[in-house]
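The values are calculated or read from the model by the stated rules, or taken from the named source; none is laboratory data. For clarity, every value in this text was computed on a predicted model and none was experimentally measured. Using ideal geometry, Cβ is built from the backbone for each residue, glycine included, and neighbour counts are taken over all protein chains shown. The area values use the complete protein model at the heavy-atom level, side chains included, leaving out ligands, DNA and RNA. Shrake-Rupley method; radii C 1.70, N 1.55, O 1.52, S 1.80 Å.
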Amino acid sequence: MSVEETGVWTETYPKEPCPFCGKTVAIRISEILIVDKKYWKVRIFDDSGCPLSAMFERGLRMGSAGEVCAVLKKDWHEIVETVSNMPVCPECGRSPVCRYSTNLDRWIILCEKGHLRTDEAFVLSAMRNWNKKVGQYVCDNQNQRLGQCLTSLWNQGYANDEELPEFMRQSWREKHANWERK
Ligand SMILES: [Zn+2]
Ligand SMILES: [Zn+2]
């Protein structure tokens, strides 16, 4: 099979900077010919060398340079949105850490205290999975834990929310504020 680089390439600069280091990002597509058909190879990078290419789905793209760039910019926008809006760990309220493991060739998102963890081949799937796990964790723990916490706080006779996991503090504060008003 003949694969040939045609030497044609173009670069586009999405407006959202790298969510890890804040530097400007460039997306470069280079044309290749495989048995007379044209494809685009994709590379995305910034000055810090963040592993951004690994965030995109792998594989070659087809279409005009303009179309391919538009799709890649849209993908990048979605990636940055998702990275910026990831919910904090529901147990301790820390922001999750997102990193790429070259050994595993997977993206890992975790709470550094070890409360929650997820890994996936693609960064977006890992992030969506993190969101799902956070929701699931809250569901699984809410009823049982809220009962326990409220009983023990009630028995201690003081309103200290230190012992509550982050996702319950809000509802505890609201309840307590209501009690104080009475
Ligand atoms: Zn970066
Ligand atoms: Zn945590």
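Could you check the simple spin-label distance between Ser95 and Ser30, using points 7 Å along Cα→Cβ, in nm with one decimal?
Calculated label separation equals 3.4 nm.
Once you have all Cα-Cα distances for the stretch 1-85, histogram them in 10 Å bins from zero and send the whole-percent values.
17, 49, 26, 8, 0
Could you tell me what a quarter of the Cα convex hull surface of the stretch 35-143 works out to, in nm² with one decimal place?
8.9 nm²
So what does Trp9 come to for accessible area, using a 1.4 Å probe and Å² rounded to 10?
140 Å²
As I understand it, the dipole of the chain uses +1 on the Cβ of Lys and Arg and -1 on the Cβ of Asp and Glu, about the Cα centre. Which of Val3, Val35, Thr24 lies farthest toward its positive end?
Thr24
Which whole DSSP H helices in the chain pass both tests: a Cα extent of 24 Å or more along the axis and a mean Kyte-Doolittle value no lower than -1.0?
65-84, 123-156
By what distance, in whole Å, do the Cα atoms of the chain stretch along each of the three principal axes, largest value first?
77, 30, 26
With every protein chain kept in the model, how would you rank Arg169, Arg94 by accessible area, 1.4 Å probe, largest at the top?
Arg94, Arg169
Which percent of the accessible heavy-atom area of the chain goes to carbon and sulfur, probe 1.4 angstrom?
Its accessible area is 49 percent carbon and sulfur atoms.
Taking only protein heavy atoms into account and a 1.4 Å probe, give the accessible area per residue of the chain in Å².
Details: 11050 Å² over 182 residues.
Here the per-residue accessible area is 61 Å².
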